[in-house]
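Below is one structure, written out as structure tokens; the observations come after it.
The values are calculated or read from the model by the stated rules, or taken from the named source; none is laboratory data. This structure is a prediction, so every number in the text was calculated from the model and none was measured. Every residue, glycine among them, receives a Cβ derived from its backbone with ideal geometry; neighbour counts consider all protein chains shown.
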Amino acid sequence: MSPLADLSFEVLDGVVVARLQGEIDMSNASDLGAAITARVPSDARGLVVDLTAVHYLDSAGIKALFELRERLMGRGQEIKLAFADDSPIATTLEYAGVQSTLGSAPTVQGAIADLED
Amino acid sequence: MASEDAPQLISIPGPGQEFLGTGDPLTLEETPGQLEHIYRLADPALSELALEPLLDELLARAKDILRVDTVAILLLDENGNELVARAAKGLEEEVERGVRIPVGEGFAGRIAAGRRPIYIADVHHADILNPILRMKGVRSLLGVPLLVEGSALGVLHVGTVTPREFTNADAALLQLVAAQAAPAIDRARLFEALDREHRSAVALQRSLLPDRLPDLVGIDCATRYLPARAEVGGDWYDVIDLPGGHVGLAIGDVAGHGLRAAALMGQLRAGLRAYALDGHSPADTLKRLDRMLQTISGRGMATAGYAVVDPASGTMRYASAGHPPPIVVRAGREAHLLEVKAAPPLGSLPFAAFHETQERLAPGDTILLYTDGLIERRREPLTAGLERLRALAATRATAEQLCQRVVEQLLPPGGGDDDIAVVALRVVPVEAAMRVRFAADPRVLSQMRRMLSRWLREHGAQPDEIAAMTLACGEACGNAIEHAYAPGVAYFELEATHANGLVTLRVRDTGRWRAPRGANRGRGLKIIAAGVDELDLHTTEAGTEVVMRRRLGAPK
């Protein structure tokens, strides 16, 4: 079986960018969350989770994102999401009523810029 | 003692007194007794025997005719440095104890090195390495080389426990025995070496081919692989589980046979799979494979075909590199050859270009890939075999039945000279109602989503409806997984029905639905509510059932 989701990392302007691809559900959400947490050093300016290439996200994924946010907030770090306004991610967050709670921007660059504000 | 009357025999009377012969051929006296001996030793019936019985029979006759107490055959080992006892009469211990004599040393060693007969009148006075000869009390020895095309592959010697003067005639008869034995031994060794190579090639080939087909949603897949009888070839097949629920089907045929072809096949199979998993199109995949093959030194050539099938839409894209065309079977009604744009085999032309053909497979249709071993027959044009295959394939059958049928009907009696590989993929017709039992494991969720979205699509749902309902169902199934419990493995069931534009999804499990606890459970319910028109929950002693309904084509 090919893996459900792919994860890669980049550092731009001191911000860790975690790029996700594919589908996130109960089978991989917490593992992905843990993998991302492990890659954010305490001196990073913040974390951007790039979801532009994710085409499925459900409540398990939302839960993992919230947990990630909590862990980073404990260290004084912020998290921003990147996804298109009309993507499945936007739909899921809207259905779950959390579209504004987790800050987001349509692009990675936009999300990085938001972190600086 | 050396005798002036027998100049042709090389005699070793004692250490330091070695005589090298003149090399004149030995002659036989044609007396009636001798003739009879010759017939016995040159008996054509002997050539019918396999190696072991042949040696056994020859040695027995030689021992009898020459009136000796021991007869033995030693053969050169693989390195050609030592002689190893192989068969013996009266000297069986020599064989059992694995006595080894270095070439050039001792009695047998000098025969092999010099490629000439040697006669030892009395072993007490000679340089004999072999402890067994001494042990047995052998006194006189006569030995000749076993020659094939001028090189020695071993030694044949006879001995007596009482001193004996071997004559020219004795030596000639012994050489007659050697002349029978040597070619037979040579042939047998050749077959042994070929067989070893064949067996390791077969082992390599088996390890390179997939041993389990992936579990794929919405399709029915079967394969067959029949290696060639005599020598391994380089045929391969592959079924690749691609992202997004697509399936890759590969078929290939490396030119040539043996270990080399099998090894190259392994490289090509792995290369194609890697390019396919990277998401390259069929044409691009073959192009990359072709370029890769060009970089392998001593490269061969291979034909190949690669298809990517999307079971959800039934779309198939196919590219070929000189490979016979796949057969498209329309739900048991008819079968035809896929029209393929011609392209050269991999590795045959620099900068070759590969093209794609597209075809739609409706539910129930099958695509069949194969290698030419299935259709090639001697003294028959390839098109005849192809037509035979096509006609056979036009049948209502599952992928498994189709593979079985074509192989049974087309395999030549006694097996083929060429490998045969077959892959069949059938798009499974969508049921009016879908009812599936899943193990209560988070890993089944992606499979559930694929099956449900395909089912919804076939029932006319729009993409946004499919996304919303799949998401809702995903939440319900996730909940079932979380609180499912049972002795042993826990399961949940998904049932999807469609009547007059109303879709009903039921998720049944054996657990108890827990009221939303923590923020996240509430989110799950909200997601379901947003995706469907109605949500009902029944909890009984047996378990929980979640029922979700949505009207298709109505705004939400």
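Miscellaneous remarks
- Residue match in region B:422-438 (condition: at pLDDT below 90 and within 14 Å of chain A (Cβ to nearest Cβ)): yes
- Taken as a whole, the condition of being over 28 Å from the mean Cα position of the chain (by Cα) and not in a loop (DSSP other than H, G, I, E, B) applies to B:Glu359.
- Filter result for B:Arg299 (part of a helix (DSSP H, G or I), of a type outside the set (S, T, N, Q), surrounded by fewer than 20 Cβ atoms within 10 Å (Cβ to Cβ) and at pLDDT below 95): no
- Within region A:1-59, considering residues that are among the polar types (S, T, N, Q) and assigned to a helix (DSSP H, G or I), the one nearest to the other protein chains (Cβ to nearest Cβ): A:Ser59
- For B:Phe191: the one exception among (1) of a type in the set (Phe, Trp, Tyr); (2) modelled with pLDDT of 70 or more; (3) surrounded by fewer than 22 Cβ atoms within 10 Å (Cβ to Cβ): (2)
- Screening B:Ala399, B:Ala440, B:Ala421, B:Ala394 for residues that are of a type outside the set (D, E, K, R) and surrounded by fewer than 17 Cβ atoms within 10 Å (Cβ to Cβ) leaves exactly one candidate, B:Ala394.
- Residue within region A:42-49 that is surrounded by 15 or more Cβ atoms within 10 Å (Cβ to Cβ), modelled with pLDDT of 95 or more and in contact with a Ser or Thr (Cβ under 7 Å, 6 or more places away or on another chain) present: no
- On the stretch given as region B:440-465, residues that are within 12 Å of another protein chain (Cβ to nearest Cβ) and in a loop (DSSP other than H, G, I, E, B) total 2.
- Restricted to region B:219-265, the set of strands (runs of 3 or more DSSP E) holding at least 1 residues that are among the polar types (S, T, N, Q) and more than 30 Å from A:Tyr56 (Cα to Cα) comprises B:219-226.
- Region B:528-549 residues that are away from every other protein chain (no Cβ under 14 Å), paired with ones that are in a helix (DSSP H, G or I) and of a type in the set (A, V, I, L, M, F, W, C) (beta carbon under 7 Å, 6 or more apart): B:Val546/B:Ala476
- Meets criteria (part of a loop (DSSP other than H, G, I, E, B), surrounded by fewer than 21 Cβ atoms within 10 Å (Cβ to Cβ) and either within 14 Å of another protein chain (Cβ to nearest Cβ) or not basic (Lys, Arg) (or both)) for A:Ala84: yes
- Every condition in (1) within 34 Å of the chain's Cα centre (by Cα); (2) modelled with pLDDT of 90 or more; (3) in a helix (DSSP H, G or I); (4) not β-branched (Val, Ile, Thr) holds for B:Ala472 except the one numbered (1).
- Subset of region B:269-293 that is in contact (Cβ under 8 Å) with a residue 40 or more places away in the chain and in contact with a Gly (Cβ under 6 Å, 6 or more places away or on another chain) - its residue that is nearest to B:Leu242 (Cα to Cα): B:Leu289
- The number of residues in region B:466-496 that are within 12 Å of another protein chain (Cβ to nearest Cβ) and not aliphatic (A, V, I, L, M) comes to 8.
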